[in-house]
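Below you'll find the structure I mean.
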Amino acid sequence: MAWNEPGGGKDPWGGNRNNNSNQGPPDLDELLNKWLGKLGGIGKGGDASTGGNGPAARALLPIVLLVALVLWGLAGWYQVDEKEQAVVLRLGKFHETVGSGLQWNPPLIDRVTVVRVTEERQYPARGLMLTKDENIVELTLNVQYNISNARDFVLNVRDPEVSLQHATDSALRHVVGGSTLDDVISVGREQVAVSTKERLQEYLNIYGGGINVVKINIEEARPPSAVKAAYDDVIRAREDLERLVNEAQAYSNGIIPEARGQAQRLREESEAYKSQVVSKAEGEAHRFEKLLAEYKKAPEVTRQRLYLDALEEVMTNSSKILVDQEGGNNLLYLPLDQLVKQSGAGNPAALNSEGNSQMVDEITNQVIQRLQEAADRSREERRR
């Protein structure tokens, strides 16, 4: 019959409910004595139901307690690596943070959480963002981070890595929303990554999650596949524009210095010509002054000398001379160029040694000789 059946007369602890002297649960000492009695009966090889408590049972109890104490103590030892820190909670409250080495904390009293603080972790993210100029861009990035404070990482946020993902998405959308499509995809990609890192770190500092963002790498930034062909055309057009600008700049860099060089050369030539003309004019004026002084001293001699100089200058520039004979109808032809060639071919050493003066003397002698011959023929003709 069960204890709770009507008429059973027993309580849940095996006592008689009708007996007023045995009300309530049994005494703990009594239960312990019964348990020891059963152990003693087993140790003596007797029936455990006899409830005996012999000396073997009493001797076994300390051994059991000692073994349990040793196992409990051994369970408290643990090793913390150089890259790790251990956060210790004692009875659910923060107690301390321990570093590397062999550590011990009482089991069941302390709860130890080991965190890798120097390990660089990575979190990949991907999503579609709306830019400032109302274009959609697809971004793929990688967040590199580590644990800067093990206590904050364990206690302040329930799931810090999930919070990191949400904060990354929020920071990235904020930065991309303030940038144009060209900045995100091409020229400003690096700046977008830096701005996102700074804003993400601000969010994490507010959360107190103990996470330090090392770097954010934007691995890919491109428009959605539906408009990729059109955007590729835009990129090619921009590249063509940049190429043409560079070619024009290169041409400008080549032609402008050349034009400046030519202009500088012309300026220098004009200055040289100016100096030459001015110097020549000043020389002529000075020569005229000297000549005028000499003319005042001896006019006839100076006039004759000027005439000879002028005649020499004219004759020097002419290779052929025609001489009109006075009182005759014949013109004397003097081929000076041929005479010069003959003189130079006949005596080249004289030209090399004595120069033009000897050649002029020879030509003069030949001219005088021919003039005398012409005069003689003219006199003979008049006699006839």
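The values are calculated or read from the model by the stated rules, or taken from the named source; none is laboratory data. Predicted, not measured: the structure shown is a model, and the values here were computed from it. Cβ sites come from the backbone with ideal geometry, for glycine too, and all protein chains shown count toward neighbours.
Take Thr50 and tell me if it is within 48 Å of the chain's Cα centre (by Cα) and either modelled with pLDDT of 65 or more or more than 30 Å from Asn212 (Cα to Cα) (or both).
The answer is no for Thr50.
For region 233-271, name all the residues that are under 30 Å from Arg222 (Cα atoms) and of a type in the set (D, E, K, R).
Asp233, Arg236, Arg238, Glu239, Asp240, Glu242, Arg243, Glu247 - these are the residues of region 233-271 that are under 30 Å from Arg222 (Cα atoms) and of a type in the set (D, E, K, R).
Quick one: which residue in Glu219, Glu190 is under 30 Å from Val115 (Cβ atoms) and either in the same structural domain as Glu161 (by TED's automatic domain parsing) or β-branched (Val, Ile, Thr) (or both)?
Every option except Glu219 fails the conditions.
Turning to a different aspect of this structure: Somewhere in region 157-172, is a residue within 30 Å of Trp72 (Cα to Cα) and assigned by TED's automatic domain parsing to the domain that holds Leu204?
Scanning region 157-172, I find at least one residue that is within 30 Å of Trp72 (Cα to Cα) and assigned by TED's automatic domain parsing to the domain that holds Leu204, so the answer is yes.
Another question about this same structure. Residue check, Val70 against (1) among the β-branched types (Val, Ile, Thr); (2) over 30 Å from Lys215 (Cβ atoms); (3) modelled with pLDDT of 85 or more, all met but one. Which one?
Single failed check for Val70: (3).
A further question on this structure: Would you mention how many residues in region 153-188 are within 29 Å of the chain's Cα centre (by Cα), of a type in the set (Ser, Thr, Tyr) and part of a helix (DSSP H, G or I)?
So the count comes out to 3.
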